[in-house]
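Notes follow the structure.
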Amino acid sequence: MSCTQEYQSKLVSASEAVKVVKSGDWVDYSFCLGQPIALDKALAARRDELTDVKIRGGLCLSPLAVVECDETQEHFTFMSWHLGGYERKLSDRGLCHYIPMLYRSMPRFYRRSLEVDVAMICVTPMDRDGFFHFSLNNSASRAIVERAGTVILEVNENLPVVGGLESSVHISEVDFIVEGENPPLPTLGRATSTDTDRKIAELIMPKLCDGATIQLGIGGLPNTIGEMIAASDLKDLGIHTEMLVDAYMIMAEAGKITNMKKRTDTGKGLFTFCAGSAELYDWVRGNGNVVSGPVDYVNSPDVMAQNDNFMSINSCIEVDLTGQFNSESSGMRQISGTGGQVDFLTGAYLSQGGQAFICCNSTFMDKKTGKLQSRILPFFGPGTIVTAPRSQAHYLVTEWGIADLAGRSLWERAERIIGVAHPDFRDELIAAAEKRGVWRRSNRIA
């Protein structure tokens, strides 16, 4: 049977495909732009026939019909690997349950521990050799397919073909194919850069060098860094990142990216998933200079460490005086996830000449009290999640400076962290450090 004939034999409607789901099943929606749309609606339409169906996904950029149709969670329960804005709102309503992870472990979780009765993944149209590409969502897609009892693919013609490692699934591995509605790909608006973002970026820029491999997180700061690099004299930079964002397109279009100094995937920019503007998706489409890889490869510290001058730049919500970083919760409220922050803190520091920066504004305005509050705290409040332990801390960057915490004692850390806190809060932080017993009387903060 030819690939085309096999395709036709497996082609069904979304409503027909989801009949395979049974009460009690574990259903996987993959991650980010791999999220099914037509299949999700069809499964939601079966609500009254099903109970206790557990669904996994992550960083959803479109609403989930299975969640919106069942606030009781008697029929469908949704769990997320990483909360974006939509899932954060669901979580506040008790309709989304976070799955803790180090991102690099996600494929291993599937292969070793997790049940997947049915996988539903959005993919590109089949090519002439019978392959569907995971496109902008490699992540753990291959591991999900391998683990699943039934594999259903939803084709979206708007997804670009992206090559790479473990970046596709063959028709022979698929049980059902659904030709979706081909909706436009959901986008993330570019976050507006603030004056504080620019101050932080200006502190980091002198640390970068020609030939560096760059990993950026999400938000206004990465875009600011990208714009500054684009306008700089830096050259021969490389891409090795879990999330491909607009900043990389900005740098590449300015001629700063060649990927030729990388020792892994030389000549290619590497990512595990992509989300951003429509312009970014167009830039990726047909761009042979970027490839995807599974997250256990992309986020492997050992792989990163093979590239000299690996520069990792991420953000946090708050930091305590010992150098613990919270990048995912507001007290007990889960607002994002651990993601790959610890992966890149580890890998960048293992790299020859590598540096790992965790950035944050030194203050924020409390909406409840209308008062300025410090993001640098004596200790975390109840329920706060430690995303990166103090043992992994390298550079902390605020608009007031850079604190190198690697290998430093508790009193040295306290001194350096307070040194990049907002001046209005330094005295009370010093008093807290003294009370905690991590302050020497000879310490001086400029």
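Read-outs: derived from the displayed coordinates by stated rules, not from any lab. Just so it is clear, the structure is predicted and the values come from calculations on it, not from any experiment. FYI the Cβ positions are ideal-geometry reconstructions off the backbone, even for glycines, and counts take in every protein chain you see.
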What is the local net charge at T338, summed over the other residues whose Cβ is closer than 13 Å to its Cβ (Lys, Arg +1; Asp, Glu -1)? -2
Rounded to 5, the percent of DSSP beta bridges in the stretch 180-330 classed as antiparallel: 10
Tell me what the chain gives for mean residue ellipticity at 222 nm when only DSSP H runs of n ≥ 4 count, each as -39,500 (n - 2.57), the sum divided by the residue total, rounded to 500 deg cm²/dmol. -7500 deg cm²/dmol
Ranked S336, S139, S391, criterion: other C-beta atoms within 10 Å, fewest first: S391, S336, S139
Label-to-label distance, nm, for residues given as D195 and D210 (7 Å Cα→Cβ offset): 3.6
Once the in-chain neighbours fewer than 8 apart are removed, the lysines whose Cα is under 29 Å from K256 read K199, K207, K235, K268
Rounded to the nearest 5, the percent of antiparallel DSSP beta bridges in the stretch 311-446 equals 55
Can you give the alpha-carbon Rg of the chain over 2.2 N^0.38 Å, where N counts its residues? 1.02
Sorted by mean Cβ packing within 10 Å, highest first, what order do the peptides 237-246, 8-17, 157-166, 362-371 take? 237-246, 157-166, 8-17, 362-371
Could you pull out the trypsin sites (Lys or Arg not before Pro) across the stretch 115-147 that fall in loop regions by DSSP (anything but H, G, I, E, B) with no more than 12 other Cβ atoms inside 10 Å? R128
Scoring only Lys, Arg, Asp and Glu (+1, +1, -1, -1) among other residues with Cβ under 11 Å from the Cβ of G353 yields 0
Antiparallel %, DSSP beta bridges [both residues in the chain], to 5: 25
Classified through the alpha carbon gyration tensor (a ≥ b ≥ c as square roots of its eigenvalues; rounded if a/c is under 1.5, else prolate when a/b is larger than b/c, else oblate), the stretch 337-399 comes out prolate
Quick check for you: which residues of the stretch 381-416 have the amide N under 18 Å from the point 7 Å beyond the Cα of R440 toward its beta carbon? 404-416
Check G164: other-chain or 5+ apart residues with amide H under 5 Å from its amide H, H built from backbone geometry? S292
Any chance you could run the full-extension gain for T4 through S330? It's 0.36 nm times the residue separation minus the Cα-Cα distance, nm to one decimal. 112.3 nm
At what distance in angstrom do the alpha carbon centres of the stretch 247-293 and the stretch 166-199 lie from each other? 15
If R0 = 22 Å, then R128 and S172, at their Cβ-Cβ distance, give a FRET efficiency to the nearest 0.05 of 0.90
